[in-house]
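Bear in mind these aren't lab numbers, they're just calculated from the coordinates by the rules spelled out. None of these values were measured; they are calculated from a predicted model. Positions of Cβ are backbone-derived with ideal geometry, glycine not excepted, and every protein chain shown enters the neighbour counts.
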């Protein structure tokens, strides 16, 4: 190893690889968007207003927000050729369909911001069409300007402003999280100066695995089968005894509490009250902390929350992407503004001096 080479932990744990002005976790453990605590923003502002903040760096004025909403709406519908592609694929996995359609999107004209927003705006309709076409359901076309209300309608087929507001809360929590796996993949792609669709597709591809974005479906499958707290705790105990991973717990950033998870837990309490299912989830959370000092992460309560809001399980991870894409937009622009090709080294541990 030469003097210019630095060996770092696997997975880049604890390693600062670049600067960002988009999001961070502060010293008190709170997720921060552009200087504001994310949970405070979610309590006061809409999904669209926070998307504007993430992308442009400041909260919008009333006129700026109205213009932004209309812009996103005007870009939100997908061309018939992409609908035909979805119909041809008829893919059971919504995320797989989204990746294919995104890779096919050809955005011409405008600056990088315009091209990025063009793709981000289309995500709700791509996800909806992919889900509904596979299930032989009628496509939904919405001219609703409010972004969370339109996302809820496209996801459920129902115009329910109250449920849309609850969905909005978790979408805001999903919107950005510094250099997570999908965002870092996007920044690696952006550092090659590839086009926005290709970079966003790199980010989308990370969501297939259960360790980033895809965990909530597995969590729901086990949460729904418990009749009482004892069954839930017994399930977790056996997992731990067999040294198996309990999905929904632990996070590389949050070591004591995930403030996003606690925020959604309280929103869940408002939505359904302290029902038996809520009590089971709470008991599992407490048990995992007592046994392993592992906090519930956003996926744990997020899976339960999305189910109670009325979202079908195949749309859980796609909705994560529908929200996170605005973070990806901001990171693409930030990477491009001060670009350096991301190209780390590796330490070779294979065989040497082999003869042919």
key: Sites residue 270 and residue 103 - FRET efficiency at Förster radius 30 Å, r taken between beta-carbons, to 0.05   = 0.15
message = At a threshold of 8 angstrom on Cα-Cα distance, excluding pairs fewer than six apart, so keeping six or more, what relative contact order does the stretch 12-149 reach in percent?
response = 22
inquiry  = Give me the extension gain from residue 114 to residue 43: residue separation times 0.36 nm, minus the current Cα-Cα distance, reported in nm with one decimal.
reply    = 22.7 nm
request  = Compute the distance in nm between two label points, each set 7 Å from the Cα along the Cα-to-Cβ direction, one at residue 36 and one at residue 193.
outcome  = 3.6
key: Residues 88, 220, 333 arranged by fewest to most Cβ contacts within 10 Å   = 88, 333, 220
query = How much FRET efficiency would the formula 1/(1 + (r/R0)^6) give for residue 143 and residue 71, where r is the Cβ-Cβ distance and R0 is 22 Å, rounded to 0.05?
reply = 0.95
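Return the Rg/Rh ratio of the stretch 215-309 with Cα-based radii and a Kirkwood Rh.
Looking at the stretch 215-309, the ratio lands at 0.93.
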task = Counting helices only, and only those DSSP H runs with n ≥ 4, report the 222 nm mean residue ellipticity of the chain as the sum of -39,500 (n - 2.57) divided by its residues, in deg cm²/dmol to the nearest 500.
result = -18500 deg cm²/dmol
task = Rank these for me by crowding, 41, 271, going from fewest to most other beta carbons within 10 Å.
result = 271, 41
task = List the relative contact order of the chain as a percent without decimals, with contacts defined as Cα pairs under 8 Å and 6+ residues apart.
result = 22
remark   = Mean 1/r over distinct Cα pairs of the stretch 165-247, inverted to a Kirkwood Rh in Å, yields 15.4
task = For the chain, list log₁₀ I(q)/I(0) at each q in 0.06, 0.14 Å⁻¹, using the Debye formula over Cα point scatterers of equal strength and ignoring solvent, two decimals each.
result = -0.23, -1.21
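So for the stretch 1-89, Kirkwood radius off the Cα pairs, Stokes-Einstein at 25 °C and 0.890 mPa s: how many µm² s⁻¹?
144
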note = When 328, 289 are arranged by how many other beta-carbons sit within 10 Å of their Cβ, fewest first, they go 289, 328
message = What value in Å³ per residue do you get for the convex hull of the alpha-carbon atoms in the stretch 146-302?
response = 133
query = How far is it, in nm, from the label point at residue 286 to the one at residue 89 when both lie 7 Å from their Cα along the line to the Cβ?
reply = 4.4
request  = Could you compute the FRET efficiency for residue 56 and residue 178, with r as their C-beta to C-beta distance and R0 at 22 Å, rounded to 0.05?
outcome  = 0.75
